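*Asks:* Quick one: this structure, given as structure tokens, is what I'll be asking you about.
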Amino acid sequence: MNNIKNLIRPNIAALAPYSCARDEFKGEASVYLDANESPYNNGTNRYPDPLQSEVKSILAPLKKVRPEQIFLGNGSDEAIDLVYRIFCRPGIDNVVAPAPTYGMYQVCADINDIEYRAVPLKADYQLDMEAMKQAIDENTKAIWLCSPNNPTGNVFAKEDLLWFLDNANAMIVVDEAYIDFSDKGTMVEMLDKYPNLIVLQTFSKAWGQAAIRLGIAMASEEVISLYNKVKYPYNVNILTQQQALKVLGNVAKKENQVKEILAQRDVLKNLLLSLSCVEEIYPSDSNFLLVKVKDANGIYKYLQDKGIIVRNRHRVTLCANCLRITVGTPTENAEIYNALKDF
Ligand SMILES: *Cc1c(COP(=O)(O)O)cnc(C)c1O
């Protein structure tokens, strides 16, 4: 699709955004008496850059996009919620997503009073394209595609993602929170071709910065300007921006840790496969393993009593008796193996 104008909520299209002091004056000055801040310099007395220009100027070349194609938010959660607030009319519109997938898409739909249409994946955890197409109608404003998918760990077939981009009259949101752990390639390179594509990434996983709450949305400049119009003026605080600049200055460290996690993913997989309580481990393009066991509830409780916490996905669609286990350090991986050996 080449025009997203008909997808935008009319009140958002017409919105006059709040203009903060830092929006109105963008240059360098010696005296700032425009924002009612405290004049006493303690490192955090001034409002932060509302558009995080410095972080974006370093992130953009890393991601091979222009700074104007990046939105930074208070975690991916903010970037997810804004999709509803920009595109979906409460009580009228709907979104479509496979099941199982990341839980925040539905929580944000429920909060925003948007119908959430969950379409079960096929048994191999790939998209059921016929059922997805059936679920889409003229009020479908967004399609959520988490790839690599949480909690199944796999990437969706690229031709399926491209089908939505070529045919669906909706925003296509590809959540790549785990992309650093995959060798299957990002959808970021498709951004110039598809104005309705949003690619989500995050500092929370491979970058090791879950605590600073910094999520990334990459999209057409038109979509990013909508994000900027609707977001809270100072949505990313200065401490987060400073920490992001610090880790962006050491890309090699992140890459080495990703390599280590990928090696440990194989180690953990082989250890777990040798256990009699483990029935199957699904292919993973992420930093976790979805592990089918004999008795997920029993093993979950047993591990918890030993101080080892995993994610019990037993009640989730297509995940009966499955535990989601994050790849840890070599010591942590050995600990969970040793505990399970005695189960
Ligand atoms: C962990 C995760 C995120 C990251 O969320 P943040 O709010 O950025 O911490 C996003 N999407 C998926 C699918 C995840 O599993």
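*Asks:* Could you say whether any residue in the range 156-170 is at pLDDT 95 or above, within 16 Å of the ligand (Cβ to nearest atom) and buried (at least 24 other Cβ atoms within 10 Å of the Cβ)?
*Replies:* Filtering the range 156-170 down to residues at pLDDT 95 or above leaves 156-170.
From what is left, the residues that are within 16 Å of the ligand (Cβ to nearest atom) are 156, 161.
Next, from what is left, pick out any that are buried (at least 24 other Cβ atoms within 10 Å of the Cβ): none.
Within the range 156-170, none of the residues are at pLDDT 95 or above, within 16 Å of the ligand (Cβ to nearest atom) and buried (at least 24 other Cβ atoms within 10 Å of the Cβ).
*Asks:* List every residue pair whose Cβ atoms sit under 8 Å apart, with the two residues 6 or more apart in sequence or on different chains, where the first one lies in the range 88-108 and is free of Cβ contacts under 8 Å to residues at least 24 places away in the same chain and the second, anywhere, is open to solvent by 50 Å² or more (accessible area, probe 1.4 Å) and more than 11 Å from the ligand (Cβ to nearest atom).
*Replies:* Every condition considered, the pairs that remain are Gly91/Asp113; Gln106/Ala118.
*Asks:* Continuing with this model, one more query. With the requirement that a residue be touching a Leu at 6+ places or on another chain (Cβ under 9 Å), over 17 Å from Pro233 (Cα atoms) and not in a helix (DSSP H, G or I), what does the range 30-77 give you?
*Replies:* The answer is Pro39, Val65.
*Asks:* Then there's this: Which residue out of Asp137, Asp180 is open to solvent by 30 Å² or more (accessible area, probe 1.4 Å), farther than 15 Å from Ile80 by Cβ and within 13 Å of the chain's Cα centre (by Cα)? Show your work before the answer.
*Replies:* Numbers: Asp137 fails: within 13 Å of the chain's Cα centre (by Cα).
Only one candidate passes the filter, namely Asp180.
*Asks:* Moving on to the next point. Checking Asp113 against (1) over 26 Å from Asn312 (Cβ atoms); (2) open to solvent by less than 20 Å² (accessible area, probe 1.4 Å); (3) in a loop (DSSP other than H, G, I, E, B), which single condition isn't satisfied?
*Replies:* Unmet condition: (2).
*Asks:* Quick check on the range 57-75: of everything there that is more than 21 Å from Asn3 (Cα to Cα) and surrounded by 23 or more Cβ atoms within 10 Å (Cβ to Cβ), which residue is farthest from the ligand (Cβ to nearest atom)? Give the steps one after another, and end with the answer.
*Replies:* Applying the first criterion (more than 21 Å from Asn3 (Cα to Cα)) to the range 57-75 yields 57-64, 67, 72-75.
If we keep only those that are surrounded by 23 or more Cβ atoms within 10 Å (Cβ to Cβ) too, we end up with 72-73.
Numbers: Leu72: 10, Gly73: 8 Å.
For the range 57-75, the residue satisfying everything is Leu72.
*Asks:* Residues of the range 266-300 being in a helix (DSSP H, G or I) and either hydrophobic (A, V, I, L, M, F, W, C) or modelled with pLDDT under 95 (or both), which ones? So that I can check it myself, show each step before the final result.
*Replies:* Keep residues of the range 266-300 that are in a helix (DSSP H, G or I), which gives 266-273, 296-300.
If the condition is that a residue be in a helix (DSSP H, G or I) and either hydrophobic (A, V, I, L, M, F, W, C) or modelled with pLDDT under 95 (or both), then Val267, Leu268, Leu271, Leu272, Leu273, Ala296, Ile299 are the ones that fit.
*Asks:* Just wondering, is there one or more residues in the range 10-30 that are open to solvent by less than 60 Å² (accessible area, probe 1.4 Å), farther than 28 Å from Ala170 by Cβ and within 16 Å of the ligand (Cβ to nearest atom)?
*Replies:* no
*Asks:* Within the range 200-209, can one find any residue that is surrounded by 18 or more Cβ atoms within 10 Å (Cβ to Cβ), more than 12 Å from the ligand (Cβ to nearest atom) and aliphatic (A, V, I, L, M)?
*Replies:* no
*Asks:* Also, I was wondering about something else. Looking at Ala339, Ala263, Ala334, Ala252 in this structure, which one is within 30 Å of Lys56 (Cα to Cα) and part of a helix (DSSP H, G or I)?
*Replies:* Details: Ala339 fails: within 30 Å of Lys56 (Cα to Cα); Ala263 fails: within 30 Å of Lys56 (Cα to Cα); Ala334 fails: within 30 Å of Lys56 (Cα to Cα).
Exactly one residue qualifies, and that residue is Ala252.
*Asks:* Now a separate question. Considering the range 76-96 alone, what residues qualify as being within 12 Å of the ligand (Cβ to nearest atom) and in contact with a Cys (Cβ under 8 Å, 6 or more places away or on another chain)? Show your work before the answer.
*Replies:* Just the residues of the range 76-96 that are within 12 Å of the ligand (Cβ to nearest atom), to begin with: 76-81.
Of everything in the range 76-96, those that are within 12 Å of the ligand (Cβ to nearest atom) and in contact with a Cys (Cβ under 8 Å, 6 or more places away or on another chain) turn out to be Asp77, Ile80, Asp81.
*Asks:* Which members of the range 141-155 meet the condition of being in a loop (DSSP other than H, G, I, E, B), closer than 18 Å to Gly103 by Cβ and more than 10 Å from the ligand (Cβ to nearest atom)? Give the derivation first.
*Replies:* As a first pass, look at the range 141-155 and keep what is in a loop (DSSP other than H, G, I, E, B): 147-155.
From what is left, the residues that are closer than 18 Å to Gly103 by Cβ are 147-154.
Within the range 141-155, Thr152, Gly153, Asn154 qualify.
*Asks:* Just to check your reading of the model, which residue among Leu318, Leu323, Leu303 is in a helix (DSSP H, G or I) and surrounded by 14 or more Cβ atoms within 10 Å (Cβ to Cβ)? First the steps, then the outcome.
*Replies:* Numbers: Leu318 fails: in a helix (DSSP H, G or I); Leu323 fails: in a helix (DSSP H, G or I).
Unique residue meeting the criteria: Leu303.
*Asks:* Give the range 119-140 a look and list any residue that's of a type in the set (A, V, I, L, M) and within 15 Å of the ligand (Cβ to nearest atom), or say none. Can you show your working first?
*Replies:* Taking the range 119-140 and keeping what is of a type in the set (A, V, I, L, M), we get 119, 121, 123, 127, 129, 131-132, 135-136.
Matches in the range 119-140: Leu121 only.
*Asks:* A further question on this structure: Does Gly153 count as in contact with an Asp or Glu (Cβ under 7 Å, 6 or more places away or on another chain), of a type in the set (Gly, Ala, Ser) and over 18 Å from Tyr116 (Cβ atoms)?
*Replies:* Numbers: in contact with an Asp or Glu (Cβ under 7 Å, 6 or more places away or on another chain): yes; of a type in the set (Gly, Ala, Ser): yes; over 18 Å from Tyr116 (Cβ atoms): yes.
For Gly153, the condition - in contact with an Asp or Glu (Cβ under 7 Å, 6 or more places away or on another chain), of a type in the set (Gly, Ala, Ser) and over 18 Å from Tyr116 (Cβ atoms) - is met.
*Asks:* Looking at this structure, is Ala217 within 13 Å of the ligand (Cβ to nearest atom), open to solvent by less than 40 Å² (accessible area, probe 1.4 Å) and not in a loop (DSSP other than H, G, I, E, B)?
*Replies:* On the way: within 13 Å of the ligand (Cβ to nearest atom): yes; open to solvent by less than 40 Å² (accessible area, probe 1.4 Å): yes; not in a loop (DSSP other than H, G, I, E, B): yes.
Against the criterion (within 13 Å of the ligand (Cβ to nearest atom), open to solvent by less than 40 Å² (accessible area, probe 1.4 Å) and not in a loop (DSSP other than H, G, I, E, B)), Ala217 qualifies.
*Asks:* Right, something else. Looking at (1) loosely packed, with under 12 Cβ neighbours inside 10 Å; (2) touching a Ser or Thr at 6+ places or on another chain (Cβ under 8 Å), can you tell me which one Val96 breaks?
*Replies:* The failed condition is (1).
*Asks:* Examine the range 176-185 for a residue that is within 16 Å of the ligand (Cβ to nearest atom) and of a type in the set (Asp, Glu), and state whether such a residue exists. Working first, answer last.
*Replies:* Pass one, the range 176-185, residues within 16 Å of the ligand (Cβ to nearest atom): 176-182, 184.
If we keep only those that are of a type in the set (Asp, Glu) as well, we get 176, 180.
Yes, there is a match, as at least one residue in the range 176-185 is within 16 Å of the ligand (Cβ to nearest atom) and of a type in the set (Asp, Glu).
*Asks:* Touching a residue at least 12 places away in the same chain (Cβ under 8 Å), within 18 Å of Tyr105 (Cα to Cα), open to solvent by less than 20 Å² (accessible area, probe 1.4 Å) and of a type in the set (Phe, Trp, Tyr): does that describe Tyr194?
*Replies:* Working: touching a residue at least 12 places away in the same chain (Cβ under 8 Å): yes; within 18 Å of Tyr105 (Cα to Cα): no; open to solvent by less than 20 Å² (accessible area, probe 1.4 Å): yes; of a type in the set (Phe, Trp, Tyr): yes.
Judged against the criteria, Tyr194 is not a match.
The values are calculated or read from the model by the stated rules, or taken from the named source; none is laboratory data. Not measured: the values here are computed from a predicted model. We place every Cβ from the backbone using ideal geometry, glycine too, and count neighbours over all the protein chains shown. These area figures cover heavy atoms from the full protein model, side chains too; ligands, DNA and RNA do not enter into them. Shrake-Rupley method; radii C 1.70, N 1.55, O 1.52, S 1.80 Å.
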